[in-house]
Amino acid sequence: MLIPSVLAAQEEFAVSDHPRLLLKAGEESLVAEMIAGDPVMQKVHEAIVAECDRMLDLPLLERVMKGKRLLHTSREAIRRIFWLSYSYRMTGDGRYADRAVREMMNVCAFTDWNPSHFLDVGEMVLGVSIGYDWLYDCMTEHQRQTVKDAIVGKGFVPADDETYAGFYNLDNNWNQVCCGGLAYGALATYEEHPELARELIDLYVRSVPFALAVYAPDGGYPEGFHYWGYGTSFQVMMIAALESALGTDFGLGSYPGFLESSSFVQFMTAPGGLSYNFSDALQRAPCNPMMFWFASKSGDMSRVWLEKRYLENLPDDFMNDVDDLFSEYRLLPSLMIFCSKVDMDAVRPPEENFRFFDGKTPVFIYREGWDRKDDTYLGVKGGSPLTSHSHMDAGSFVYEYDGVRWSSELGMQDYYSLESLGVKLWDGHEGGQRWDVFRIGNESHSTLTLDGKHHVVKSFVPIVATWQERSRKGAMLDMTSAFSNAADSVIRSIWLDRRDHLHVRDEIVAGEDDVDVMWVMNTPAHAQILPNGRILLEKDGRKMVLEVSETGAEPHIWSNDPPHDYDAPNPGTCRVGYTLTVPAGTEMDLSVTLSPSR
């Protein structure tokens, strides 16, 4: 889908009066009505306002870098300005408006918003733009001018500098966050420089399709669960602001797979409450406010089935852990806005149990049900190390059975913990240091390692078949390209039988040389080697046994202790599996099963 220039069309639209972003003037009544009729949303609202009371006495933010980033400051600025502005609009208490304006004046006085890491700029522009728009009538002309000058000088100007503007053609979250934040700046200050604003909006609307294209064909998001929450949240915020200010999203919300991607993040949440955290992702599976926007747009209220349950189970003191309980929690007032536009009584459980997301990162998911924490779950991943934020985890799988996650992912390591020690984390070339980080290289994942080598960086592992029947649920992957440096052919099949027991079959064809195979499953269970090559796993009072078909396979329990001083600890986890050799010129079918201990 091509987005034509929007300039001509946009001239036909009259920009809304302030406030125009997300929550237009008078729409506070819709939120108030929802709060009055929903005790859960009333709890969230009251918690936001109470947190704003605490903000009134906080010291103002300082321009303090963390490594190469100012991002932590930009995010806290959004949280303060957005939450305080929301509390003012919903209560009329001028203290919140005054404090929000102080926060804006403070960050606008920074020397810059760190354009060398432009995410910092994108988020900061979004924050001050919401404050400018929502508190327009509370600000003096001098204050308005200060914010406008900062948006232009610290946002638009560096975004026009080739040194910093590499995000425009990217197909990942950088495009969505940077263009989304800048679009807020153009929309908030529209009438001050309408010609410039139209040109900028045209630029951003024509840029984000590079990122939107990756949702095709069916909603899968290449960067995984965690970055879906980041990139997609800013994409939704951008679309919602365009609609509220100009009455159109210029077709952005209609890109193939975009609306369907709400099912992706839903299926990435396992019954036990953890995410399928492949690539750079955390295990926690928080409530995502943007899901309510997706439910409203698609008309499919099953998309917020899990979100509604999250909200209903919020503890009274949830603000103490708000950053763990909500995705992109600094945008929390958007939850109140988007929830006011859906019928929470119409929420129902999803009817699907299988999903295959094709595209840049193929993923197959089976979820036994949507009501019980002990439902079975299987996730299987293909893809490429070249994908943004990817690990060498092609061929890996996550498996939950009887309420326990038996095959797991260690997840992402904090970037600063690596960068501060001089690790070249973003050197993803063949032989790059990124792949030596324990959590990122293939040896820590539930997949194969051949001849002790990394997977080939310029590889792509497709899912070539799926099984979606009660007697067989799973996927087949052609892993040959990942092992072109070691074997002639590698086909991996991962499936569950009628009893939901796990089967993994690897068909390995050796070339002119022997192939040393390392079969790994990462697990949080306690492991013990038994006779006949079996491995006993125990966790939470449950027992499972890993068994291998090849009599010559040697069982192992590998420690997950950090191999380098820069690697993060991995307490409570280990790796189990087998090693063996496929002789040159031969083919081996290696079958491993995981089933309850008899």
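The values are calculated or read from the model by the stated rules, or taken from the named source; none is laboratory data. Everything numeric in this text was worked out from a predicted model, so none of it was measured. When we count neighbours, we look across all protein chains shown, and the Cβ atoms used for this are built from the backbone with ideal geometry, even at glycine.
Being out of contact with any helix residue (DSSP H, G or I) (no Cβ under 6 Å at 6 or more places or on another chain) and surrounded by fewer than 21 Cβ atoms within 10 Å (Cβ to Cβ): is that true of D414 here? Considered against the rule, which asks whether it is out of contact with any helix residue (DSSP H, G or I) (no Cβ under 6 Å at 6 or more places or on another chain) and surrounded by fewer than 21 Cβ atoms within 10 Å (Cβ to Cβ), D414 comes out as yes.
Is it true that E260 is in contact with an Asp or Glu (Cβ under 8 Å, 6 or more places away or on another chain), surrounded by 20 or more Cβ atoms within 10 Å (Cβ to Cβ) and closer than 17 Å to N175 by Cβ?
On the way: in contact with an Asp or Glu (Cβ under 8 Å, 6 or more places away or on another chain): yes; surrounded by 20 or more Cβ atoms within 10 Å (Cβ to Cβ): yes; closer than 17 Å to N175 by Cβ: no.
In short, no.
The C-beta contact set for the stretch 56-73 (first residue on the phi < 0 side of the Ramachandran plot and free of Cβ contacts under 8 Å to residues at least 60 places away in the same chain, second residue of a type in the set (G, A, S) and surrounded by 13 or more Cβ atoms within 10 Å (Cβ to Cβ), distance under 8 angstrom, 6+ apart or interchain) comprises L61/A77. For the stretch 317-333, filtered to residues that are assigned to a loop (DSSP other than H, G, I, E, B) and acidic (D, E), the residue that is surrounded by the most Cβ atoms within 10 Å (Cβ to Cβ) is E328. Scanning the stretch 254-269 for residues that are under 16 Å from the mean Cα position of the chain (by Cα) and of a type in the set (S, T, N, Q) yields S261, S262, S263, Q266, T269. If the condition is being within 17 Å of the chain's Cα centre (by Cα) and among the aromatic types (F, W, Y), then the stretch 200-222 contributes Y215, Y221. Say we look at the stretch 502-519 and pick out the residues that are of a type in the set (V, I, T) and over 20 Å from G379 (Cα atoms); which of these is surrounded by the fewest Cβ atoms within 10 Å (Cβ to Cβ)? The selected residue is V509.
Taking each residue of the stretch 185-213 that is assigned to a helix (DSSP H, G or I) and looking for partners that are of a type in the set (D, E) and crowded, with 21+ Cβ neighbours inside 10 Å with beta-carbon atoms closer than 9 Å, six or more apart or interchain, yields L187/D133; A188/D133.
Out of the residues in the stretch 270-312 that are over 19 Å from the mean Cα position of the chain (by Cα) and aliphatic (A, V, I, L, M), which is surrounded by the most Cβ atoms within 10 Å (Cβ to Cβ)? Here the answer is L311.
The lone criterion from (1) farther than 29 Å from R439 by Cβ; (2) surrounded by fewer than 19 Cβ atoms within 10 Å (Cβ to Cβ) left unmet by S340 is number (2).
Of all residues in the stretch 555-570, those that are among the acidic types (D, E) and touching a residue at least 60 places away in the same chain (Cβ under 8 Å) total 2.
Could you tell me whether G541 is within 29 Å of Q283 (Cα to Cα) and either out of contact with any Lys or Arg (no Cβ under 7 Å at 6 or more places or on another chain) or not assigned by TED's automatic domain parsing to the domain that holds D375 (or both)? Reasoning before the result, please.
On the way: within 29 Å of Q283 (Cα to Cα): yes; either out of contact with any Lys or Arg (no Cβ under 7 Å at 6 or more places or on another chain) or not assigned by TED's automatic domain parsing to the domain that holds D375 (or both): yes.
Yes; evaluated as a whole, the condition is true for this residue.
Pairs are defined by a Cβ separation below 6 Å, a sequence spacing of at least 6 or placement on different chains, a first member in the stretch 106-122 that is in contact (Cβ under 8 Å) with a residue 24 or more places away in the chain and within 18 Å of R144 (Cα to Cα), and a second member that is of a type in the set (A, V, I, L, M, F, W, C) and surrounded by fewer than 23 Cβ atoms within 10 Å (Cβ to Cβ); the pairs so defined are N106/L60. For the stretch 464-486, the candidate set comprises residues that are among the aliphatic types (A, V, I, L, M) and surrounded by fewer than 22 Cβ atoms within 10 Å (Cβ to Cβ); within that set, the residue that is nearest to T581 (Cα to Cα) is M476.
Need the failing condition index for T140 against (1) surrounded by fewer than 17 Cβ atoms within 10 Å (Cβ to Cβ); (2) closer than 19 Å to R75 by Cβ; (3) among the hydroxyl-bearing types (S, T, Y), just the number. The one condition T140 does not meet is (2).
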